[in-house]
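Data block below; observations after.
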Amino acid sequence: MAQAKKPKAKTFGQTFAANRKAGKATFMYKGKKYSTKTKTEVTKKATRSQSKAIKKKAKLGKTKKVMSGKGMTTKKTKTTMKQRMAARKKGRMAARKNRKLNRALRK
């Protein structure tokens, strides 16, 4: 009785390349679903205009309630980098103070 040789299973790389070449967006390998996009395609760097828009959006701060002639309204406020850094520092200092108090209470 002659034994039939089993065909070698394709590796992940071979399967990925074949599906990518075929133009498929996703494929199955060992029961799991994978994408044919590479890491660099997924984490593409933003274009200059996109990054400018993101920075511009980040500059706009939170809304703030303001008294106007018609009553209370909300207004977008712009916060400068200096103001944001000061607020961050204030938060860190408060956290540090809380840690010191907690250590003192534990003793």
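Some notes on this structure:
- Only residues that are assigned to a helix (DSSP H, G or I) and either acidic (Asp, Glu) or touching a strand residue (DSSP E or B) at 6+ places or on another chain (Cβ under 6 Å) (or both) were counted across segment 16-38, and they come to 1.
For every residue, the table says whether it meets (1) modelled with pLDDT under 65; (2) within 25 Å of the chain's Cα centre (by Cα); (3) part of a helix (DSSP H, G or I).
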| position | (1), (2), (3) |
| --- | --- |
| 13 | no, no, yes |
| 40 | no, yes, yes |
| 49 | no, yes, yes |
| 58 | yes, yes, yes |
| 73 | yes, no, no |
| 103 | no, no, yes |
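The values are calculated or read from the model by the stated rules, or taken from the named source; none is laboratory data. Everything numeric in this text was worked out from a predicted model, so none of it was measured. Here the Cβ is made from the backbone with ideal geometry for all residues, glycine too, and neighbour counts use every protein chain on show.
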